[in-house]
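Just below is one structure, and these are the notes that go with it.
The values are calculated or read from the model by the stated rules, or taken from the named source; none is laboratory data. Being a predicted model, the structure only gives us computed values, none of them experimental. Don't worry about glycine lacking a Cβ; one is built from the backbone with ideal geometry, like all the others, and counts go over all protein chains shown. With ligands, DNA and RNA removed, areas are computed over all heavy atoms of the protein, side chains included. Shrake-Rupley method; radii C 1.70, N 1.55, O 1.52, S 1.80 Å.
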Amino acid sequence: MKNDFFTYQAQTTPHPLALEISHAKGSYIYDTAGNTHLDFVAGVSACSLGHCHPRITTAIKNQLDKYAHVMVYGEYIQQPAVQLSQLLAQQLPAPLETTYLVNSGTEAIEGAMKLARRATGRKEILYADKAYHGNTMGALSVMGFEERKKPFAPLIPECRAITFNDEAAISEITESTAAVLLETIQGGAGFIEPTHDFLTKIKTRCEAVGALLILDEIQPGFGRTGTLFGFMNYNVVPDILVMGKGMGGGLPIGAFTASKKLMTLLSDNPKLGHITTFGGNPVIASAALATLQELTESTLIKDTLTKEAYFRKQLNHPSIKEIRGRGLMLALIVESAELASEIILRCKERGLILFWLLFEPKAVRITPPLTISEKEIKEGCDIIKDVMNQLLKENEQ
Ligand SMILES: Cc1ncc(COP(=O)(O)O)c(C=O)c1O
């Protein structure tokens, strides 16, 4: 299988982790060689309820027995998509009431950018330095990392970077701005939280000049930071909310939510202003509905904060300079990029899955399933500390 993987499947890096998967359950992934791996990454924040959660599996199977796909998005009334959009509206503050379902995070970003331009009649979109919003041409245009964009230029014009958490950014929002697009908590940049009232000030300025605030909640959304969405921690409500990853409990989905008034604009002048074949697919929507029901009916979201505290207590080690993030969106910051990589690779050999962050090479990602237990947290943290001790010892020799 390994040779075929490298021969036939397009690669994203020359050195993928190349774990050959047999199956997965709860917080564990099992490889074809019979090894068990404790998962501290959850499919990069996608498997919010762990692997093969019975509520999700049952919802998928039940829907598959009824129908898998019948029509493009938006034409027929399909219960899973309607119920999912309704439950989202019930959980969100006004005016976030109407949801457009798509197939991935980057696609949701595209839809949000189009909606902002359509709604304001303006072109300029401001984004943050070190931002990551996906990899399609539009999302790439608002990525805050020039060297990863250049080979694909020209990208969408009139997209301009501002500095996250810098109040000077506020005056850059003008009457020409269609939207300010920000991650509520910057992911790829190193799990950077907005400083006190940064987002509120951005929103106030947007309102004053008629621009829209788009918040990308593709990473913190769906309960990872102690509230259903990250923005709920920072006293701000976006005009357009973008979601993905953990929304589908491991299945591919994205969405953007706004007021009914705004969202209606995509269906008129031009008609079919945004269309997709598989958006709102009933099997995927069933999985997302089961995920959202489980999150909102259990204590899992609140528990992320207790689990964060437990992680922080366990991860008291001289090699860790800082632990960034909130809830179960945590990044260990170590001395160097080499050390971060070595920790990730050695932990893999010891049966613990960790991962990198896109633009912060000194970071080690910890984003486990929200269902992870204290025992599993301790098991993984013990491996991390063991590996760090070993590396310290080797350095001394
Ligand atoms: C903050 C953020 N926005 C957008 C995306 C893109 O989502 P997707 O990979 O589903 O297209 C990601 C994915 O990592 C992300 O972390």
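Listing for the model above:
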{"quantity": "Alpha carbon centroid spacing (whole Å) that separates segment 227-281 from segment 316-392", "calculated": "32"}
{"quantity": "Backbone HN-Hα couplings from phi across segment 84-98 [Karplus 6.51/-1.76/1.60, Hz, Gly and Pro as x]", "calculated": "5, 5, 5, 5, 4, 4, 5, 8, 9, x, 4, x, 7, 10, 10"}
{"quantity": "Placed amide H near Val102: partners under 5 Å, 5+ positions off or other chain", "calculated": "Gly254, Ala255, Phe256, Gly280"}
{"quantity": "Inter-centroid distance (Cα atoms) of segment 294-309 relative to segment 170-190, Å", "calculated": "29"}
{"quantity": "Accessible area of segment 27-154 belonging to carbon and sulfur atoms, whole % at 1.4 Å probe", "calculated": "55"}
{"quantity": "Cα-Cα P(r), segment 271-319, percent of pairs per 10 Å interval", "calculated": "20, 24, 24, 18, 11, 2"}
{"quantity": "Counting all C-alpha pairs of segment 60-134, share separated by more than 16 Å (%)", "calculated": "67"}
{"quantity": "For segment 75-187, the Rg and Dmax computed from alpha carbons only, in angstrom", "calculated": "15.7, 47"}
{"quantity": "Under Karplus coefficients 6.51, -1.76 and 1.60, residue-wise ³J(HN,Hα) of segment 303-319 in Hz, glycine/proline x", "calculated": "4, 4, 6, 5, 5, 4, 4, 5, 4, 4, 5, 5, 9, 8, 8, x, 6"}
{"quantity": "Whole-number D in µm²/s for the chain (Stokes-Einstein; Kirkwood sum over Cα pairs; 25 °C, 0.890 mPa s)", "calculated": "112"}
{"quantity": "10 Å Cβ shell holding at most 16 others, DSSP loop, GluC sites (Glu not before Pro): longest site-free stretch of the chain", "calculated": "176-334"}
{"quantity": "Per residue accessible area of the chain, 1.4 Å probe, in Å²", "calculated": "45"}
{"quantity": "Rounded to whole Hz, the Karplus (6.51, -1.76, 1.60) HN-Hα couplings of segment 224-239, x for glycine and proline", "calculated": "5, 10, x, 9, 4, 10, x, 4, 5, 8, 10, 6, 8, 10, x, 6"}
{"quantity": "Of the trypsin sites (Lys or Arg not before Pro) in segment 186-272, those whose Cβ has at most 14 other Cβ within 10 Å and which sit in DSSP loop", "calculated": "Lys271"}
{"quantity": "Calculated [θ] (222 nm, deg cm²/dmol) that DSSP helices of n ≥ 4 give over the chain, each run adding -39,500 (n - 2.57)", "calculated": "-11000 deg cm²/dmol"}
{"quantity": "Reachable aspartates and glutamates from Lys307, criterion Cα separation under 14 angstrom, eight or more residues apart if same chain", "calculated": "Glu374, Glu376, Glu379"}
{"quantity": "Out-of-range pairs (alpha-carbon distance over 19 Å; input Lys245/Lys313; Lys313/Lys385; Lys61/Lys375; Lys2/Lys348; Lys201/Lys261; Lys25/Lys385)", "calculated": "Lys245/Lys313; Lys61/Lys375; Lys201/Lys261; Lys25/Lys385"}
{"quantity": "Gain on full stretching of the segment that runs from Thr306 to Lys150 - 0.36 nm per residue minus C-alpha separation", "calculated": "51.9 nm"}
{"quantity": "Cα centre as origin, Lys/Arg/Asp/Glu Cβ charges: the chain dipole, Debye", "calculated": "480"}
{"quantity": "Fraction of accessible area attributable to carbon and sulfur, segment 254-397 (%, probe 1.4 Å)", "calculated": "52"}
